[in-house]
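The values are calculated or read from the model by the stated rules, or taken from the named source; none is laboratory data. Here the structure is a predicted model, which means the values were calculated and not measured. Cβ coordinates were reconstructed from backbone atoms using ideal geometry, including for glycine residues, and neighbour counts include every protein chain displayed.
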């Protein structure tokens, strides 16, 4: 379990919107229970999904405030994370 930081593990690929924001992030070397703080992009998160490329799983992630927890099923995986919420 690690706190992931941009740009080492988390890189924004696409961010659109202000009040209603959608963001796509590229993930590198993520494992279940790693956390990512998205406060730079969101005030409130409504939904988050993670797609692992190595294990090729699509999983809804959990979050508390603006901190997202990578779901079970990923181990040293790369992938993408799609988040939707209210912009920062």
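Each residue in the range 42-52 was checked for being closer than 17 Å to residue 66 by Cα, surrounded by 13 or more Cβ atoms within 10 Å (Cβ to Cβ) and within 11 Å of the chain's Cα centre (by Cα), and 4 pass. When you check residue 4 against the structure, is it at pLDDT below 85 and surrounded by 13 or more Cβ atoms within 10 Å (Cβ to Cβ), yes or no? So residue 4 fits the description; yes. Run down 85, 73 and say which single residue is part of a strand (DSSP E or B), touching a strand residue (DSSP E or B) at 6+ places or on another chain (Cβ under 8 Å) and either modelled with pLDDT under 90 or buried (at least 19 other Cβ atoms within 10 Å of the Cβ) (or both). It is 85. Per this entry, residue 45 is not counted among residues that are farther than 14 Å from residue 3 by Cα, modelled with pLDDT under 90 and in a strand (DSSP E or B). Selection of the range 53-63 for residues being at pLDDT 85 or above, part of a strand (DSSP E or B) and surrounded by 17 or more Cβ atoms within 10 Å (Cβ to Cβ) yields only 63. Scanning the range 14-31 for residues that are surrounded by fewer than 12 Cβ atoms within 10 Å (Cβ to Cβ) and at pLDDT 90 or above yields 14, 16, 20.
The selection criterion, being touching a strand residue (DSSP E or B) at 6+ places or on another chain (Cβ under 8 Å) and not in a strand (DSSP E or B), does not hold for residue 23.
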